[in-house]
There are 2 protein chains.
Amino acid sequence: MVDIATRVYNHKWKIDPIVRSLIDTDFYKLLMCQSVFRNKRDTQVTFSLINRSKSIRLADLIDEGELREQLDHVRSLSLTRGESTWLRGNTFYGKRQMFRPDFMEWFENLRLPPYHLEKIDGQYELTFEGTWPEVMLWEIPALSILMELRSRAVTGDMGRFELQVLYARAMTRVWEKVEKLQPLQGVKIADFGTRRRHSYLWQDWCVQAMTEGLGDSFAGTSNCLIAMKRDMEAVGTNAHELPMVYAALAENDTALRQSPYDVLADWHEEHEGNLRIILPDTYGTKGFLSGAPDWLAGWTGIRIDSGDPATGAETAIKWWTERGEDPTQKLVIFSDGLDTDKIIELHSQFAGRVRTSFGWGTLLTNDFRGLTENNALAPFSIVCKAVEANGRPTVKLSDNPNKAMGPADEVARYKRVFGVGEQVAMDVVV
Amino acid sequence: MVDIATRVYNHKWKIDPIVRSLIDTDFYKLLMCQSVFRNKRDTQVTFSLINRSKSIRLADLIDEGELREQLDHVRSLSLTRGESTWLRGNTFYGKRQMFRPDFMEWFENLRLPPYHLEKIDGQYELTFEGTWPEVMLWEIPALSILMELRSRAVTGDMGRFELQVLYARAMTRVWEKVEKLQPLQGVKIADFGTRRRHSYLWQDWCVQAMTEGLGDSFAGTSNCLIAMKRDMEAVGTNAHELPMVYAALAENDTALRQSPYDVLADWHEEHEGNLRIILPDTYGTKGFLSGAPDWLAGWTGIRIDSGDPATGAETAIKWWTERGEDPTQKLVIFSDGLDTDKIIELHSQFAGRVRTSFGWGTLLTNDFRGLTENNALAPFSIVCKAVEANGRPTVKLSDNPNKAMGPADEVARYKRVFGVGEQVAMDVVV
């Protein structure tokens, strides 16, 4: 029996929106947004989309009109009453009223600022300018729109049956990954896959697979909308954009050297417990840890997001030990390019030595490798970063030079200031 | 948006019927039924369900009330106007009016006769008695009901998500089989999987997978309902029940020895071309072929349904050659326990020497091996056969003693009459 009402309802959409909610974003964006709202509200920033996989010519794949429609749709969104209630009333990391009334009031009135879009050499130049707290909320929707428009461009040519087989295979693959992880005792894995997901519906399915298959080992999702709808934990702490913008704002080399610690000092004042997670790699993990104030060693854990993850964890364990901390009480969160084998390997390698947790991203929510002709749905590496703050360029070094960003002269200056020497280059897959 | 009408509509069903049409059956049953209607209409027969896989205790798995409901539902069915129109008006094997007006009139008025059901030692004893043309039409619905009730018993305990993963895996498996067959030049494969299908919907999906993936290499389905709905060829010729009943009716050993040829003489009169396919193994292929009249060598082909298939085909090629026929013009249909590897092997082995075609059954429409705990959905070997005709027991020898049927003394007599010596026993998987 055809459901005429649903059919007519579906026809009414001018577009099929990819992002239907302002909280279809990573939880840490909201935490950081509140922090920025408190501490650096008037900073003028520019965020820019950067496709590291130049071979994927997004502007050839994705129609500009469709992209504009999707971006315009996001600009029409505001927080719904239910979303606001959830953010105000829900417990996050065991804490009530994580989001303060002044921030919530600002958020409830927020519309995302304009975007600037140009086609250059087969790629889209997509930039956002304005005050930091509003511009920063473009990052995740911009990425997930581009990812999903690419998925739609590829699947648009496929027949109903081909699509069914495609998703059957993708489901089977995800489920086999889940089964591979089931034997791991006490492992904690969260979904960090919003930004480079195949699609919203697909991410939602993957999260359900994790819930069903991993039970207590599934620690939650970084996606607030899914966390709300599925009644699960929203997880995430902070990201490189904080030290990158703080660093760009530094007036001289001394202030620059201090800036990553200023970020965490502001964070320290606001958060406790499992939200006190150090992200040490923005300007080199080694230098960051050796120069860190002692109160930082008292933080709960560390997130390893570039470089060789085992080396990163060993560095942290050594550092904690040197600072008189007990590593077995500390948490190491791995979040860089994870897939099952790497999770299994790291879990067994560090079991008993340190608490571990895994933020599984692209290869959870977008592993369609080999499932289409020409591998047209393989994930690729796209980011949306703060490139300027109050007129100054930002810089990221990271523990992998292939993830470095910024003008060459500034990169050189940062390397000098932070004492970063030779680094090991690693492929960036996703 | 919930489709209330559909939800209410679904609630209205007292049961969810498994067999919803009298033509949800194998095409060859209808061809044979017409032949029986013409030649042996008043023969009294008993058909009986035989579960060769004793370890599957069907009566423990399947509720007797549910089984009766399903069987009762089949007895409430009659040919719809659309089904009748299709049978009368469609072209089968290139021929119009395959079903004659007198047969169609009879069929249009048919309701299936009563069944007799008892539970014995964990199994169901299910028998059907009456005139041959009506009783014989119970075979396929009875088998597909038992198969699907078993599937439902196993899947009934599974969650919505588990089910989705189960079918995703099963779909992936079928599609990988299809892809494995795609490179075969000029292969012809038909769906023969109605009787032991996982479910009706699943068979229908498998047929669509074959259509989509194999194009012209997919020769059609034996299932009339699917053939009608999907606008494809309905295929199949004849089965062991004809020689088994003809043999049981034979008054003496001479008549018995002659009976398999009588069957084909009746068939010869009615059909031509690709419907003239010899099924030689009921009482041993070797003896059947060596004693066959010359006009049989002029038939289009042979179907190999037991014993080693390559040996069977070689025997046929030798026989045709001896009778002055050109084997390259002949058709060998393989239909016993096929799966992709066997199809690929036989296709390459006989390419250029004889035309081949494959009737792919259980491992097309019911390959859920290893997909559930305790392998609870693995296919098993169940048949529904004529066991008596006009009060006399039937006998089947076949080319595999594990497929033999009938009382021991009669089996011995048939072996003597048909000169069947030592046979190679082969496992019967499905």
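All of the numbers you see were taken from the coordinates with simple rules; none came from a lab. Treat the numbers as computed from the prediction; the structure is a model and nothing was measured. With ideal geometry, Cβ positions are generated from the backbone for all residues, glycine too; neighbour counts draw on all protein chains shown.
Odds and ends about this structure:
- Derived scalar couplings ³J(HN,Hα) [segment A:361-374; Karplus, 6.51 cos²θ - 1.76 cosθ + 1.60; whole Hz; x for Gly, Pro]: x, 4, 7, 8, 9, 8, 9, 10, 4, x, 9, 10, 4, 6
- Taken over the alpha carbons of segment A:159-255 as equal point scatterers, the Debye sum produces base-10 log I(q)/I(0) values at 0.12, 0.16 Å⁻¹ of -0.52, -0.76.
- Prolate/oblate/rounded call for segment A:6-96, Cα gyration tensor, a/c under 1.5 rounded: oblate
- 5 angstrom amide H check on B:T356, placed H, neighbours 5+ away: B:V332
- In Hz, Karplus ³J(HN,Hα) per residue of segment A:108-119 (6.51, -1.76, 1.60; θ = phi - 60°; x = Gly, Pro): 4, 9, 6, 10, 5, x, x, 10, 10, 10, 9, 9
- Distances in nm from B:D42 to the matching label points in the other copies, shortest first (labels 7 Å along Cα to Cβ): 10.9
- Taking the centroid of alpha carbons for each part, segment B:120-161 and segment B:390-426 are 26 Å apart.
- Across peptide B:204-214, the average count of Cβ atoms from other chains found within 10 Å of a residue's Cβ is 2.
- Less than 5 angstrom separates the built amide H of A:Q123 from those of A:A59, all sequence-distant by 5 or more or on a different chain.
- Under 5 Å, built H, 5+ apart or other chain: amide partners of B:C384: B:I50
- Modelled spin-label separation between B:E314 and B:K95, with each label point placed 7 Å from Cα along the Cα-to-Cβ direction: 3.5 nm.
- B:D121-B:N402 FRET efficiency (beta carbon distance; Förster radius 25 Å; 0.05 resolution): 0.75
- FRET efficiency for B:D16 and B:T85, using Cβ-Cβ distance with R0 set to 25 Å, rounded to 0.05: 0.40
- Diffusion coefficient, µm² s⁻¹, Stokes-Einstein with Kirkwood Rh over alpha-carbon pairs of chain A at 37 °C and 0.692 mPa s: 147 µm²/s
- For segment A:1-153, the equivalent ellipsoid built from the Cα gyration tensor has semi-axes of 29, 23, 13 Å, listed from largest to smallest.
- The local environment of A:I120, defined by Cβ-Cβ distances under 15 Å, has a net charge of -2 under the rule Lys, Arg +1 and Asp, Glu -1.
- Anisotropy class assigned to segment A:273-397 is oblate, per the alpha carbon gyration tensor with a/c at or over the 1.5 cut-off and a/b no larger than b/c.
- Segment A:164-365, dipole about Cα centre (Lys/Arg Cβ +1, Asp/Glu Cβ -1), debye to the nearest 20: 640 debye
- Exposure proxy for B:R160, A:R38: other Cβ atoms within 10 Å of each Cβ, ordered fewest to most, give B:R160, A:R38.
- Taken over segment A:366-430, the convex hull of the Cα atoms encloses 114 Å³ per residue.
- Karplus-based coupling profile of segment B:185-201, in residue order and whole Hz: 5, x, 6, 10, 10, 10, 7, 10, x, 4, 5, 10, 5, 4, 6, 4, 4, with θ = phi - 60° in 6.51 cos²θ - 1.76 cosθ + 1.60 and x standing for Gly or Pro.
- In the protein assembly as shown, the C-alpha radius of gyration followed by the widest Cα-Cα span (Dmax) gives 35.0, 113 angstrom.
- Taken along the Cα-to-beta-carbon direction at a fixed 7 Å, the label points for A:E108 and B:L371 span 5.0 nm.
- Between helix B:408-417 and chain B: long-axis angle, C-alpha atoms, 0 to 90°, nearest 10: 40 degrees
- Rg and Dmax of segment A:164-365, Cα atoms only, in Å: 17.8, 58
- Computed from label points 7 Å out along Cα-Cβ, the spacing between B:N252 and B:K180 is 5.3 nm.
- With a 10 Å cut-off around each Cβ of B:162-170, the average count of Cβ atoms from other chains is 5.
- Nm distances between copies for B:G273, ranked from closest, using label points 7 Å along Cα→Cβ: 7.8
- Efficiency of FRET between A:R353 and B:D63 - r from beta-carbon atoms, R0 51 angstrom, step 0.05: 0.40
- Sorted from shortest to longest, the distances between the B:G291 label points of this copy and the other copies are 10.0 nm, with each point 7 Å from Cα along the line through the beta carbon.
- Inter-chain Cβ neighbour count for B:172-179, averaged per residue, equals 3 (cutoff 10 Å, partner chain atoms only).
- The reciprocal of the average 1/r between distinct C-alpha atoms defines the Kirkwood hydrodynamic radius, which for segment B:331-385 equals 12.9 Å.
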